Every structure is written in C-alpha cells, then in structure tokens.
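The values are calculated or read from the model by the stated rules, or taken from the named source; none is laboratory data. The model shown is predicted, which means the values in this text are computed figures rather than measured ones. Backbone-built Cβ (ideal geometry, glycine too); neighbour counts: all protein chains shown.
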C-alpha cells in the first residue's frame, strides 16, 4: 500500500492495497478507499466516507467534513462517492445531516473543477461537470450529465435536471430544466432553448433533438399556460423518451422552475 511516510491514516480505515496516498494527507476514521484511488498531497478525508474505485483527488481537497448546518450536533452522518470521479484542487464535499437522511451521495464519472463545493445532503448523479467554484447548497439534486458553470450557485432543495446546462456566474433559486440552457443572476435567470450542441456532442440523435426543440416551443414559446402546454405534450406521440422526462420533471417541481 503506497502511503507516503508523512501521511496520517486512521487505523479503522479500509484502504485498497493499490491506492496511492501522497504527502501530508490525513485520512480520518471509518474511511473506505477503493482500488485505484489516488490522493495527491494535503488531501484531507475527515472520516465516515466511502470512496469507490479509481477516484482522483488533487491537492488540498476537503472530503467528508462536518456539514455547514447550524442544526448539526455531531451526530454520525456519511458521504458516499462512486467510481471514476475527478476532484480538482480545493474541492470541498460535506457529509449529510439528520434532516437529509444522514448522507451525501455522489455518483460516478463526475468532474469537479477547482474550488467547487457539494454541501450536505446533496445527491449528484453520474457524469456531472462542476466548473471552477460551482457551488451546490444543501439538499440539492443534480441529474446525470448536467453541467454547472463556473462561479454558479444552486439554492437549497433545488433540482438540476439531467443534461441541464447552467451557464457561468448564474444563481439558480428554482429548478433548472433538463436538456435546457439556463443562465442569469438571482431572480433574473432565464432559459435559452435546448442545449442542442451539447446534446449532439453527447451522442443524442438529430430526431431526439428535433423533438425536444418542438416540445420546448410548445411549453415556452406558445401562448398556452403551463397546464395547457403539458396537456398538449401528453396528447402527442413522441419517439424520444426525453420529452416524457422533461414533462415529468416539470410536473414534479415543488419549488417551481426557471422559465
């Protein structure tokens, strides 16, 4: 087990034999670190954290720290991280709280750039990109393959839909719709159509993108209210299941969604 002699690893940890732990890292109690993980220098895993396989933590990451919640009183909570994630310099990831079922969950294949932050009780899917200093407040849910732009912030209890694109320096205080570009400051954020170029790069078919654009026009460019637009969408037959996902996301929104 290649652990640098300056690193401190709690005796209760379960560390894979091939994990690499660099200089001055500190690994707290009840941490599990899967095969192929690499920790650069000065990474701190505070404990009660499970990390899957082949995750890379660059220098000065803070992983599994106490939640920044005034209601937290030291109860045992957890952070669970999947496989093949990259966490760049100074990323911070916090454990859950009792009010959020005690766990923060991060999926697999995510890329968190420098200084980005995932707060307590968030649920982050797979393939998510968080650009530099992107910030998720507590209890945020981020769908698979979404992008949160640099210096953007997502308010507590908001949802970011699958394949959503949030532009840089945005403030999201309501749900960000899947497949759609959302950009703007607090209370001035707007949607700017289907993220066609991004979806094309991810391998979505031209027909799927065409149907999503058509559904977008019905929802947000017609003179119908939301209920009427959703009813019209349900009446039509769509070959792309992504349209149904968009409709379901809108219907299930509790905080409202950015228009």
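Entry remark, region 243-259: residues being in contact with a helix residue (DSSP H, G or I) (Cβ under 8 Å, 6 or more places away or on another chain), within 11 Å of residue 161 (Cα to Cα) and in a helix (DSSP H, G or I) number 2 in total. Among the residues of region 122-131, write down those that are over 8 Å from the mean Cα position of the chain (by Cα) and without any contact (Cβ under 8 Å) to a residue 24 or more places away in the chain. Residue satisfying the conditions is 127 alone. Per the listing 3, 27, 21, the residue uniquely at pLDDT 95 or above, outside the structural domain of residue 120 (by TED's automatic domain parsing) and more than 24 Å from residue 99 (Cβ to Cβ) is 3.
Among the candidates 228, 185, 200, the residue that is in a loop (DSSP other than H, G, I, E, B) and without any contact (Cβ under 8 Å) to a residue 24 or more places away in the chain is uniquely 185.
Among the residues of region 134-142, is any in contact with a helix residue (DSSP H, G or I) (Cβ under 6 Å, 6 or more places away or on another chain) and either at pLDDT below 95 or crowded, with 17+ Cβ neighbours inside 10 Å (or both)? Yes, region 134-142 contains a residue that is in contact with a helix residue (DSSP H, G or I) (Cβ under 6 Å, 6 or more places away or on another chain) and either at pLDDT below 95 or crowded, with 17+ Cβ neighbours inside 10 Å (or both).
Scanning region 101-121 for residues that are surrounded by fewer than 20 Cβ atoms within 10 Å (Cβ to Cβ), over 10 Å from the mean Cα position of the chain (by Cα) and not in a loop (DSSP other than H, G, I, E, B) yields one hit, 103.
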